[in-house]
Amino acid sequence: MDKLVAFYSYTGHTRRIAQECASKEAADIVEIKDVKCPGKLKAYTAGCFSAMRGKAWPIQPLSSDLTGYNNLILFSPVWAGNPPPPVHAFLELLPKGISVSIKMVSASGRSNCLDKLEKTIKTKAGALDGFENIKA
């Protein structure tokens with residue numbers, strides 16, 4: 001097992017892009033799921049506030065063991081310029097030594113989280129090997 005695509009998608013846009021990538025890369029895929037899916041009001045108010053502060057929300061257990069992979073491509077929507085809280089929870093699970101590339105998906109194609117994510121990845125896994133903003 002070499003490559004894993006992981007994604008969180010609240011509306012389905014990020015899911016579609018992640019699935020296309022996994023197919024193209026011949027990679028396994030895992031979805032990051034909330035323990036309890038928040039309603040739109042909570043997602044876009046408390047969720048955005050938590051995203052800006054780098055706070056995590058509980059996620060369901062993953063269907064794949066991350067330690068079995070060398071490369072991870074993480075797809076995340078952008079909430080208030082940052083990854084949403086379930087993605088922050090996922091980042092806490094990263095094993096040491098995994099190569100991480102992050103793809104931030106948004107309508108604007110912009111996020112302001114590269115520095116924060118790079119710091120988190122360096123602390124958890126080692127190094128951020130790629131970062132891209134995707135306009136969808």
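The values are calculated or read from the model by the stated rules, or taken from the named source; none is laboratory data. Keep in mind that what you see is a predicted model, and the values were worked out from it rather than measured. For neighbour counting, all protein chains shown are included, and Cβ atoms are generated from backbone atoms with ideal geometry for every residue, glycine included.
Does residue 130 fit the bill of being assigned to a helix (DSSP H, G or I) and either in contact with a Phe, Trp or Tyr (Cβ under 9 Å, 6 or more places away or on another chain) or surrounded by fewer than 16 Cβ atoms within 10 Å (Cβ to Cβ) (or both)?
Considered against the rule, which asks whether it is assigned to a helix (DSSP H, G or I) and either in contact with a Phe, Trp or Tyr (Cβ under 9 Å, 6 or more places away or on another chain) or surrounded by fewer than 16 Cβ atoms within 10 Å (Cβ to Cβ) (or both), residue 130 comes out as no.
Among the candidates 106, 64, which residue alone is modelled with pLDDT of 90 or more and among the small types (Gly, Ala, Ser)?
Just a single option satisfies the conditions, and that option is 106.
Take the conditions charged (D, E, K, R) and either under 27 Å from residue 115 (Cβ atoms) or touching a Pro at 6+ places or on another chain (Cβ under 9 Å) (or both) and apply them to residue 92. Does it pass?
Yes; evaluated as a whole, the condition is true for this residue.
Every residue, every condition in (1) hydroxyl-bearing (Ser, Thr, Tyr); (2) in contact with a strand residue (DSSP E or B) (Cβ under 6 Å, 6 or more places away or on another chain), yes or no:
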position	(1), (2)
29	no, yes
47	no, yes
50	yes, no
56	no, no
64	yes, yes
79	no, no
86	no, yes
129	no, yes
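Tell me, please, whether a residue that is touching a Gly at 6+ places or on another chain (Cβ under 9 Å), of a type in the set (A, V, I, L, M, F, W, C) and either within 21 Å of residue 42 (Cβ to Cβ) or assigned to a loop (DSSP other than H, G, I, E, B) (or both) can be found in the range 62-76.
No; the residues of the range 62-76 include none that is touching a Gly at 6+ places or on another chain (Cβ under 9 Å), of a type in the set (A, V, I, L, M, F, W, C) and either within 21 Å of residue 42 (Cβ to Cβ) or assigned to a loop (DSSP other than H, G, I, E, B) (or both).
Given (1) touching a Lys or Arg at 6+ places or on another chain (Cβ under 8 Å); (2) assigned to a loop (DSSP other than H, G, I, E, B), where does residue 55 come up short, assuming only one miss?
(1)
Just one of 14, 67 is more than 25 Å from residue 114 (Cβ to Cβ) and not charged (D, E, K, R); which is it?
Sole residue among the options that is more than 25 Å from residue 114 (Cβ to Cβ) and not charged (D, E, K, R): 67.
Listed here are the residues, each with its yes/no results for (1) within 15 Å of the chain's Cα centre (by Cα); (2) farther than 19 Å from residue 7 by Cβ; (3) buried (at least 20 other Cβ atoms within 10 Å of the Cβ).
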| position | (1), (2), (3) |
| --- | --- |
| 37 | no, no, no |
| 66 | yes, no, no |
| 74 | yes, no, yes |
| 94 | yes, no, yes |
| 101 | yes, no, no |
| 123 | no, yes, no |
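Select from the range 11-32 the residues that are surrounded by 15 or more Cβ atoms within 10 Å (Cβ to Cβ) and in a loop (DSSP other than H, G, I, E, B) and list them in ascending order.
27, 32
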